[in-house]
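Report on one structure; see the data block that follows.
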Amino acid sequence: MVRQARAFAMIVGLLLAAPMLHAQEGDAPMPDEVLINETFDAGMDNWWVEGSQDVFVDDGRLMVRADPPRGSEKPFVATIWCKTPIRGNTRIEFDAHVISSSTDANNINFFFYMADLAGAPLYDTREDRADAAYAKYHVMNGNIMTFLKEPSAAGDVDEELPPARIRIRHCPGFELLGETFNYHCEAGRTYHLEIVKRDDFIQFWADGRYLLGVRDPEAWDEGLIGLRTFRTILWWDNIKVTAIK
């Protein structure tokens, strides 16, 4: 009887432990856990570049020069990926500062929860996107946020500046989830931008102003973040991703 009781207790213990081990493997990060905290003090060891190679750390900031003179053979697009994946619900914050843009677009794009459709690590397939052609990212899993100057649009403006055009898309398919013309996106200003993804709801702030919220019925939950620009010279800094409930 004693031996049977011990065997029963052992089986129960294993059954109780198994779900706990599985949960630890698969659960989202704990709230307030910092997943990425990048100030570029250590250079670009945790990043790789597709497109323009004129990307470097200067004075503790990630400098991207993706606006060569017209007629130049140099790339005019750049995507810079972080090697650390994010997972679950998160708050993503970063600073971006456009120095100049020959087309006056002031193009600030951000990729989040991006992953390969077939499950291949994006780092392993980077040569397939060496030219950083925009369409090659539209067939991935993930979301794309664009924040840029839109002089021709009408909307709420600040200090009579042309409004920014803000869009959030779902990929694959490059599906537009929401758009607004609001605030501004000017060269010479440092913007503190924030994206919050909570389940199927994605929100966007600029300098503490809530500008756009969208629902993504097929929201992604795991992938990489990437910095993207077109015909723009700018820097990025203070990139932080924190887990939330």
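Some observations on this one:
- Among the residues making up the range 206-241, those that are in a strand (DSSP E or B), among the aromatic types (F, W, Y) and in contact with a strand residue (DSSP E or B) (Cβ under 6 Å, 6 or more places away or on another chain) are F230, W235, W236.
- T84 vs. criteria more than 19 Å from F230 (Cα to Cα), outside any strand (DSSP E or B), touching a strand residue (DSSP E or B) at 6+ places or on another chain (Cβ under 6 Å) and at pLDDT 95 or above: yes
- Considered as a group, the residues in the range 53-73 that are in contact with a strand residue (DSSP E or B) (Cβ under 9 Å, 6 or more places away or on another chain) and not in a strand (DSSP E or B) include one that is surrounded by the most Cβ atoms within 10 Å (Cβ to Cβ), and that residue is D67.
- Any chance A219 is of a type outside the set (K, R) and out of contact with any Leu (no Cβ under 7 Å at 6 or more places or on another chain): yes
- Evaluation of Y191 against (1) within 19 Å of T90 (Cβ to Cβ); (2) assigned to a strand (DSSP E or B) (one fails), failing number: (1)
- Any hit, the range 8-30, residues being surrounded by fewer than 12 Cβ atoms within 10 Å (Cβ to Cβ), assigned to a loop (DSSP other than H, G, I, E, B) and either on the phi > 0 side of the Ramachandran plot or modelled with pLDDT under 50 (or both): no
The values are calculated or read from the model by the stated rules, or taken from the named source; none is laboratory data. Note that the coordinates shown come from a computational prediction; the quantities given were computed from them, not determined experimentally. Don't worry about glycine lacking a Cβ; one is built from the backbone with ideal geometry, like all the others, and counts go over all protein chains shown.
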